[in-house]
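The values are calculated or read from the model by the stated rules, or taken from the named source; none is laboratory data. Here the structure is a predicted model, which means the values were calculated and not measured. As a convention, Cβ positions derive from the backbone with ideal geometry for all residues, glycine included, and neighbour counts pool all protein chains shown. Just so you know, the surface numbers come from the protein's heavy atoms only, side chains and all, with ligands and any DNA or RNA stripped out. Shrake-Rupley method; radii C 1.70, N 1.55, O 1.52, S 1.80 Å.
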Amino acid sequence: KERKETIKALPSGDTDIIIGTHGLLSKDIHFHKLGLLVIDEEHRFGVRQKEKIKELKSGVDVVTLTATPIPRTLSMALSDIRDLSVIETPPEDRLAVKTIVSVFNESLIKEAVKRELERNGQVFFVHNRIIDIYGLADYLTRLMPSIKIAVAHGQMPERELEKVMLAFYDRAIDILLSTAIIGSGLDVPTANTIIIDRADTMGLADLY
């Protein structure tokens, strides 16, 4: 009902700004006088959606926001077909992120975890394969016996997953071993170290 009312208000001009998912590209959506289109996270849109956006763009100003420019957008920007602005100023008090790329290294993992725990922090350990995630949990437990480790992935019963996440928020867990589901907007201020296993198997957007 709310959706219908919102869509009905668009052609009449009663709505100045509409914020929505790619559902705004549906055929049943009509605008009164569309002047500006802001696309957030462009890399998450498919080819069909991009074609629809192209239709909307005729005579419309478009601002595209993304942490990972898709090759076509990047190419157009570097060719001066599109303007590119880069935000390089970090938020206040934000420290620079240190990134280390390495082969699987026990000593490096232990050192990274030790440093984080010494400053009363927590660790995300991303392993994007459910099939052997519990085997990795056993391995990490043997590697660091005193560390509290829990597993989280999308195929867990909802209540069990919620229980694990709340325990992590409450700092009852030192390392959260999970799939890429943590990329869906979880904010744990005390977790300042992330270890990504087999980063080569993940997409650029996921890594960002």
**Asked** To one decimal place, what Kirkwood hydrodynamic radius in Å is obtained for region 161-208 from all pairs of distinct Cα atoms?
**Response** 11.9 Å
**Item:** For T64, net neighbour charge (Lys/Arg +1, Asp/Glu -1) across residues whose Cβ lies under 9 Å away
**Value:** -1
**Prompt:** Which shape class, rounded, prolate or oblate, goes with region 85-208 when its Cα gyration tensor gives a ≥ b ≥ c as root eigenvalues, a/c under 1.5 marks rounded, and past that a/b bigger than b/c marks prolate?
**Reply:** rounded
**Item:** Point-to-point label distance, I18-V62, nm (Cα→Cβ direction, 7 Å offset)
**Value:** 1.8 nm
**Asked** What accessible surface, in Å², does a 1.4 Å probe find on K50, ignoring ligands, DNA and RNA and rounding to the nearest 10?
**Response** 50 Å²
**Complete:** Amide H contacts under 5 Å for H32, restricted to residues at least 5 apart in sequence or on another chain and with H modeled in the peptide plane, are G13
**Asked** With the other protein chains left in place, how much accessible area per residue, in square angstrom, belongs to the chain at a 1.4 angstrom probe?
**Response** 74 Å²
**Message:** Rounded to the nearest 10 Å², what accessible area does H22 have for a 1.4 Å probe in the complete protein model?
**Reply:** 100 Å²
**Fill in**
Gyration tensor on Cα atoms of region 130-201, a ≥ b ≥ c root eigenvalues, a/c under 1.5 rounded, else prolate if a/b beats b/c, else oblate, says rounded
**Asked** So how do T99, T193 rank on accessible area, 1.4 Å probe, biggest first, that is with the largest at the start?
**Response** T99, T193
**Fill in**
Sequence order, region 96-113: Karplus ³J(HN,Hα) from phi using 6.51 cos²θ - 1.76 cosθ + 1.60, θ = phi - 60°, Hz rounded, Gly and Pro as x, gives 5, 7, 9, 10, 10, 9, 8, 5, 4, 9, 4, 4, 5, 4, 4, 5, 5, 5
**Message:** Going Cα to Cα from K110, which lysines come in below 28 Å? Please leave out same-chain ones fewer than 8 positions away.
**Reply:** K98, K148, K163
**Request:** Could you work out the Rg to Rh ratio of region 80-142, with Rh taken as the Kirkwood radius (inverse of the mean 1/r over all Cα pairs)?
**Result:** 1.14
**Complete:** On the accessible surface of the chain, probed at 1.4 Å with all protein chains in place, carbon and sulfur together account for a percent value of 53 percent
**Request:** Would you compute the Debye intensity of region 11-127 from its alpha-carbon atoms alone, equal scatterers and no solvent, and pass along log10 I(q)/I(0) at q = 0.14, 0.17 Å⁻¹ to two decimals?
**Result:** -0.83, -0.98
**Message:** Under 5 Å between amide hydrogens, which residues at least 5 positions from I196 or on another chain qualify, with H placed 1.01 Å from N in the peptide plane?
**Reply:** V126
**region 19-109: chymotrypsin sites (Phe, Trp or Tyr not before Pro) in DSSP loop, at most 12 other beta carbons within 10 Å** = F104
**Message:** With angles folded into 0 to 90 degrees, how steeply does helix 158-169 sit against the dominant principal axis of the chain? Use alpha carbons for both and round to 10.
**Reply:** 70 degrees
**Complete:** Placing each pseudo-label 7 Å from Cα in the direction of the beta carbon, A180 and R198 end up separated by a distance in nanometres of 1.2 nm
**Fill in**
Amide H contacts under 5 Å for I39, restricted to residues at least 5 apart in sequence or on another chain and with H modeled in the peptide plane, are V63, T64, L65
**Fill in**
For region 142-148, Karplus-derived ³J(HN,Hα) couplings (6.51, -1.76, 1.60; θ = phi - 60°; whole Hz; x for glycine and proline) come out as 5, 5, 9, x, 8, 8, 8
